[in-house]
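First up is the structure itself, then whatever we jot down about it.
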Amino acid sequence: MLELRLLRPRQLAPLLRVETSRDRRQFVADVPEIIALLNPTRSAGDDTAVTFEGLFFEATDARGPFVRTSSVRRGQVMGSQWSWNRCVYPYRHSQPVGAPPCPRTHGGT
């Protein structure tokens, strides 16, 4: 772990940066599971209980940062993701208009 800060806007909102030597694509494929373990939620009906009001997660390797995700829940749910490669993201998303299609891989990323 490179850094962990617990921000307190109203509730806890961790900012977590980790360093890895794993293959970038393989690590990014595991990010949704990592986030689910770090920030578990429970739902019942239309209500969802969250562990943290917000969470910022960044992974870096010897070449620098390569994936970031964030989520915020305060009245509405917001989130974002960034990747060093426009074809390798932890969560599904649309591509920019006119961008060439990404090659298909066997990990969904």
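Since every read-out is calculated from the coordinates, none of them should be taken as a lab result. All figures in this text were calculated on a predicted structure; none of them were measured in a lab. Cβ: placed from backbone, ideal geometry, glycine included. Neighbour counts: every protein chain shown.
Things to note:
- Reciprocal mean inverse distance between Cα atoms of the stretch 29-73 - Kirkwood radius, Å: 11.9
- For the chain, a crude dipole built from +1 on the beta carbon of Lys and Arg and -1 on the beta carbon of Asp and Glu, taken about the Cα centre, is about 220 debye to the nearest 20.
- Helix-only [θ]222 nm of the chain, DSSP H runs n ≥ 4, -39500 (n - 2.57) each, per residue, nearest 500: -4500 deg cm²/dmol
- Theoretical FRET efficiency, 1/(1+(r/R0)^6), r = Cβ-Cβ of CYS102 and THR41, R0 22 Å, to 0.05: 0.15
- With both labels modelled 7 Å from their Cα along Cα-to-Cβ, the ARG74 to GLU33 distance reads 3.3 nm.
- Pair-distance distribution of the stretch 3-83: all C-alpha pairs, bin width 10 Å, starting at 0; shares per bin in whole percent are 16, 49, 27, 7, 0.
- Trypsin sites (Lys or Arg not before Pro) lying in DSSP loop within the stretch 52-105, provided at most 14 other Cβ fall within 10 Å: ARG63, ARG74, ARG86, ARG92, ARG104
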